[in-house]
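Enquirer: Below you'll find the structure I mean.
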Amino acid sequence: MADGMRYQVELAGELATLSVSGDLGDEGGLTLLGVCDALPAHVRTLRLDLRAMGAMSATATDAVRLLIGQWRATRQGEFRLSTSHLLATCAPVAPLNAMPMPRQLPYAASDAMIAAYL
C-alpha cells in the first residue's frame with residue numbers, strides 16, 4: 001500500500017477484480033501495475049473498481065491510463081473500469097485491416113472535433 005491507498009483482488013476464472021480505495025498517487029499506480037503483473041497468466045479480463053475512491057486526481061487518472069495501457073499490451077484482454085461517475089469497457093476488436101473503412105464521412109470532421117466527441 002502506498003499513499004494511503006488500499007486494494008483488494010478477487011479472482012473468478014479468467015476475470016480479476018481489483019478494487020481500490022484511498023489516494024491513488026504515483027507509488028500506488030506502480031503498486032497496482034505490480035499486482036496486475038502478478039496475476040495468473042490465464043486471467044484475460046481485468047475489472048478495476050474505483051468507486052470507493054470518490055474524486056479522481058490528475059495523478060490517479062494518469063495511473064489508471066498507465067495500468068490500462070499495460071494490461072492491453074501484455075494481456076490483449078478486456079478491461080472494465082468503474083468509478084463513481086463512469087463505467088467503461090474495452091474489449092478486443094477486429095484488426096483495422098479487417099474492418100471496411102468508409103469512403104467518405106458524410107460531414108466535414110476535424111481531429112479536434114473527433115477527439116472532443118470521443
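The values are calculated or read from the model by the stated rules, or taken from the named source; none is laboratory data. This is a predicted model, so every value here is computed, not measured. For neighbour counting, all protein chains shown are included, and Cβ atoms are generated from backbone atoms with ideal geometry for every residue, glycine included.
Enquirer: Taking GLY4, is it at pLDDT below 90 and assigned to a helix (DSSP H, G or I)?
Expert: No: the conditions fail for GLY4.
Enquirer: Please go through the stretch 5-28 and give me each residue that is of a type outside the set (S, T, N, Q) and under 20 Å from SER84 (Cβ atoms), ordered by number.
Expert: MET5, ARG6, TYR7, GLU10, LEU18, VAL20, GLY22, ASP23, LEU24, GLY25, GLY28
Enquirer: SER57: within 16 Å of SER82 (Cα to Cα) and in contact with an Asp or Glu (Cβ under 6 Å, 6 or more places away or on another chain), yes or no?
Expert: Values: within 16 Å of SER82 (Cα to Cα): yes; in contact with an Asp or Glu (Cβ under 6 Å, 6 or more places away or on another chain): no.
Criteria not met by SER57.
Enquirer: For the stretch 18-37, give me each residue that is touching a strand residue (DSSP E or B) at 6+ places or on another chain (Cβ under 9 Å) and under 13 Å from TRP71 (Cα atoms).
Expert: Answer for the stretch 18-37, where residues must be touching a strand residue (DSSP E or B) at 6+ places or on another chain (Cβ under 9 Å) and under 13 Å from TRP71 (Cα atoms): LEU18, LEU32, VAL35, CYS36.
Enquirer: LEU32 - would you say it is in contact with a helix residue (DSSP H, G or I) (Cβ under 8 Å, 6 or more places away or on another chain) and outside any loop (DSSP other than H, G, I, E, B)?
Expert: yes
Enquirer: Which of the residues belonging to the stretch 12-25 are under 17 Å from the mean Cα position of the chain (by Cα), under 21 Å from ARG72 (Cβ atoms) and not in a loop (DSSP other than H, G, I, E, B)?
Expert: LEU15, ALA16, THR17, LEU18, SER19, VAL20
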